[in-house]
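Shown next, in structure tokens, is the structure this report addresses.
The values are calculated or read from the model by the stated rules, or taken from the named source; none is laboratory data. Quick caveat, the model's predicted, so the values are computed rather than measured. When we count neighbours, we look across all protein chains shown, and the Cβ atoms used for this are built from the backbone with ideal geometry, even at glycine. SASA here: full protein model, heavy atoms, side chains in, ligands and nucleic acids out. Shrake-Rupley method; radii C 1.70, N 1.55, O 1.52, S 1.80 Å.
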Amino acid sequence: SANLHNRWGAAFATLRMMYTISVEIGGGIAAARRRSRARHKPLLNDTMLHLHARACQVVFEIITLMENGLADGAMARWRTLHEITVVATVLAEHGEELAIRYRSHAAIEVKRAMDRFVLSYEQLGFAPPTERDVAETELEYRACLDRFGDNFGSEYGWAAQHLGIRKPRLVDLEVAAGKGAMQSYYRMASYNV
């Protein structure tokens with residue numbers, strides 16, 4: 001551990017400083033939004049603040065893992081940070097309409113989670129979901145597909161229309177965000193996972 005800090009201590013300190021600045025900036029923006037009556041692009045701005053907060057949390061996890069010599073764990077968390085960055089970049093470029101789609105896509109993810117849970121609740125030792133929960137989940141899922149189209153049901157379906165791709169993948173979002181070159185790093189981090 002002493003060797004680690006002797007070699008990387010200055011870099012860790014710089015990263016911690018950048019993390020602190022990012023947290024303070026995000027907190028300042030959030031406070032200003034709470035005080036403001038202006039509601040220009042409300043869903044986009046709220047989504048970006050949420051993604052910023054999530055990214056700050058992940059950076060803190062990365063720092064903690066690196067400072068404790070857990071490089072593979074830090075790389076796994078970096079993958080998550082990269083995904084957050086790509087999503088935030090695409091949302092920032094395409095605006096409020098895409099933010100609406102992104103947030104609405106939660107119904108698709110809930111449906112997927114419900115479907116997996118229905119298949120495994122017994123093995124996990126849980127009670128089955130109620131018929132009402134299953135019906136409500138299905139209703140919200142169908143409402144999203146009716147509103148946004150069948151392509152919306154894929155993993156990154158929230159971006160399908162804006163990217164002009166039927167079933168976009170992370171690599172498609174990376175290219176749209178101008179971060180396609182990072183795919184090699186992402187794959188390298190995936191090998192460790």
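Some observations on this one:
- Set 28, 73: member being within 23 Å of residue 190 (Cβ to Cβ), more than 12 Å from the chain's Cα centre (by Cα), open to solvent by less than 50 Å² (accessible area, probe 1.4 Å) and free of Cβ contacts under 8 Å to residues at least 12 places away in the same chain: 73
- Selected residue (only one of 37, 7 is open to solvent by 40 Å² or more (accessible area, probe 1.4 Å), out of contact with any Pro (no Cβ under 7 Å at 6 or more places or on another chain), part of a loop (DSSP other than H, G, I, E, B) and modelled with pLDDT under 95): 37
- Selection count, region 134-178, where residues are touching a residue at least 40 places away in the same chain (Cβ under 8 Å), open to solvent by 40 Å² or more (accessible area, probe 1.4 Å) and not in a helix (DSSP H, G or I): 1
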